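Here the structure is laid out as C-alpha cells; the discussion comes afterwards.
Read-outs: derived from the displayed coordinates by stated rules, not from any lab. Please read all numbers here as calculations on a predicted model, not as lab measurements. So basically every Cβ, Gly included, is an ideal-geometry build from the backbone, and we count neighbours across all protein chains shown.
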Amino acid sequence: MAANTRMLAVLVSLVLIGIVGPADAGRDRENERIVKVIETYQRALNGNDVAGVLKVYADDGVFMPEFSPASVGLAEVREAYERVFKAIDLDVGLQIVEVAILSDDWALVRSTSDGTIKINASGAEVPNDSKELFVLQKQSDGEWRFARYAFSSNTPPK
C-alpha cells in the first residue's frame, strides 16, 4: 500500500509542476479523434461512398490527387470523387505513420496505403502502394475535417 501511496504522490507532483497532466490527456483524446476521421475516410473510400467522403472534408477543403488538378470546395471535391469512383474500385488499407497536432485547430497525418485498385473499364486489378498527407482543421462545430489532402504513388507509371 505504501508503494501505491508514493506512486500517487509522485503523479500528483508531476501534475502540479506540469510534466504530466490534463494537457497530455487532452492531446491523446484529440489524437484519437483525428485517427477516427482517417478511419471514417478509409471506410468511405473502400465503399465508393461519396457522401461519406464529403463528411470528412471541410467546406473549403482541397483534394489534390496525383496527375490531376486540385479540387477546391465541397462541390469540386464531390465531382472529383464521383469521377474516381466511376473509374476505379479501391480496396486499400491506410497505415498511419504520424499524427502531429500543430495547434488547437490544425493537425497533420502522414500515412501509407496498400491494397488493390480495380480499373472498372477493363476489370484489371493493380496493386496500390501510396503515401498520403492529410492536413486537418478543427471546424466551428469542434470536429476535425480535411482542409487539404494529397497522395501519390510510390510506384512510377509504366
Let me test this: with uniform point scatterers at the alpha carbons of segment 84-158, what is the Debye-based log₁₀ I(q)/I(0) at q = 0.19 1/Å?
-0.84
Which FRET efficiency value, to the nearest 0.05, do you get for E79 and R27 by plugging their Cβ-Cβ distance into 1/(1 + (r/R0)^6) with R0 = 35 Å?
0.45
Which of F151, F67 has the fewest other C-beta atoms within 10 Å, and how do the rest follow up to the most?
F67, F151
At 7 Å along the Cα-to-beta-carbon direction for both L108 and F67, put a label point, then send me their distance in nm to one decimal.
2.6
Do you know the relative contact order of the chain, to the nearest whole percent, from alpha carbon pairs under 8 angstrom that are 6+ apart?
19
Here are some pairs, K36/K158; K36/K138; K55/K86; which of them have Cα atoms lying more than 25 Å apart in this structure?
K36/K158
For segment 27-140, compute Rg over Rh where Rg is the Cα radius of gyration and Rh is the Kirkwood radius from the inverse mean 1/r over Cα pairs.
0.97
